[in-house]
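Rule-based calculations on the coordinates, nothing more; no lab input. Just so it is clear, the model here is predicted, and its values are computed rather than measured. As a convention, Cβ positions derive from the backbone with ideal geometry for all residues, glycine included, and neighbour counts pool all protein chains shown.
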Amino acid sequence: MALLAGCNGPPPEQGLRMLAEGQRLLQAGQNRQAMEQADHFLREFSHTTRADQAYYLRGEARFRERQYETAEADFRKALDLTGDRRLRGNVNAALGELAQRQERMNSALVYYTSALANLEASEPPADAVGYRLGEVRQAMGRWEQADEAFHRVIHAFAGSDAARLAGQRVNARAWTVRAGAFDNHQAAVALARQLQQSKIQAQVQAVFTRKGPLHVVQVGRFPDRAQAQERLDQLRPLVPKAELAVTQ
């Protein structure tokens, strides 16, 4: 079948249907079935012009299944093959997200920057990528550069979820441990008092969201992420759902 399609030519209709079905399955959350479609395509049509999309599809499915090593291999193969600018942007964004999850912030910074250089600046997924770039810069202590990324998202994608999240992180200059967040102020106060009884200094901060005020219990203020992570590790036995957060 691949020979009929021609080396480096477009795949036949059968191959296009495989890719379309794989995308449908991926969007439906059926990751393993999406992988099977990509596998089938690559067995039959790996020398056609849509092989880059098949590798990207399989990489996305593997990423969602937390098969990170093989997902990265697929993304890199897609990047090697593709000449499509938007696909290059999407693949770099995926590699950036993978690197960020693995705490490889220098690599994530490079990938997200490359993604934004290839994506349309005023169209998704540039909003999500720009927001993640800001997150990475904050993790690296580059607060002013993070603000630049967040402001671009806020201005270019006003009203979007990414802009709302960027607005919550802009102008931050330190890290804290978020022990809990509550709609009810008294619940937040109760947790803060519980922590204080364990000789842990905690305070309640009000954060305003579209759904109304959120009462956040914070522990400490740290100049860098590593110090906040150390405090989080100490706090986890008492508050398993505690997490890192930025603060002004």
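Can you pull the Rg over Rh of the stretch 177-228, Cα-only, Kirkwood? The partial results should precede the final answer.
Numbers: Rg = 11.6 Å, Rh = 11.4 Å.
Answer for the stretch 177-228: 1.02.
Give me Arg236, Arg178 sorted ascending by neighbouring Cβ count inside 10 Å, so fewest comes first.
So the residues, fewest neighbours to most, are Arg236, Arg178.
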> Once phi is turned into ³J(HN,Hα) by the Karplus curve 6.51 cos²θ - 1.76 cosθ + 1.60 with θ = phi - 60°, what whole-Hz value does each residue of the stretch 149-156 show in order, with x for glycine and proline?
Replying inline: 5, 5, 5, 4, 5, 4, 7, 7
>> Testing the spin-label approximation: label points 7 Å from Cα along Cα→Cβ at Gln248 and Arg210. State their distance in nm.
In response: 2.2 nm
> Fewest first, what order do His155, His215, His40 take by the number of other Cβ atoms within 10 Å?
Replying inline: His155, His40, His215
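Using only the alpha carbon atoms of the stretch 39-119, find the Kirkwood hydrodynamic radius as the inverse mean reciprocal pair distance, in angstroms to one decimal. Provide the component values of the computation, followed by the final result.
Details: mean 1/r = 0.0800 Å⁻¹.
Evaluated over the stretch 39-119, this radius sits at 12.5 Å.
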> Over all distinct Cα pairs, what is the inverse of the mean 1/r for the stretch 74-171, reported as the Kirkwood hydrodynamic radius in Å?
Replying inline: 13.2 Å
>> Taking 0.36 nm per residue of sequence separation and subtracting the Cα-Cα distance, how much length would be gained by fully extending the chain between Gln196 and Asp233, in nm to one decimal?
In response: 11.6 nm
>> Going 7 Å from the Cα of Asp84 along its beta-carbon direction, which residues of the stretch 55-71 have the amide nitrogen within less than 18 Å of the resulting point?
In response: 55-62
>> Residue by residue through the stretch 193-201, what is 3J(HN,Hα) from phi via Karplus (6.51 cos²θ - 1.76 cosθ + 1.60, θ = phi - 60°)? Round to whole Hz and write x for glycine and proline.
In response: 5, 4, 5, 5, 5, 8, 6, 10, 6
> Please report, for the Cα atoms of the chain, the Rg to one decimal and the Dmax as a whole number; what are they, in angstrom?
Replying inline: 21.9, 74
> Stretched out fully, how many nm does the piece from His40 to Gln145 gain, at 0.36 nm a residue minus the Cα gap?
Replying inline: 33.4 nm
> Between Leu214 and residues 5 or more places away or on another chain, which pairs have amide H atoms under 5 Å apart, with H built 1.01 Å from N, and which residues are they?
Replying inline: Val207, Phe208, Thr209
> Counting only residues 5 or more places away or on other chains, whose amide H sits under 5 Å from the amide H of Thr49 once H atoms are built in the peptide plane?
Replying inline: Gly9
>> If the elastic network links every pair of Cα atoms under 10 Å, which of Val153, Val189, Val129 fluctuates the most in the Gaussian network model of the chain?
In response: Val189
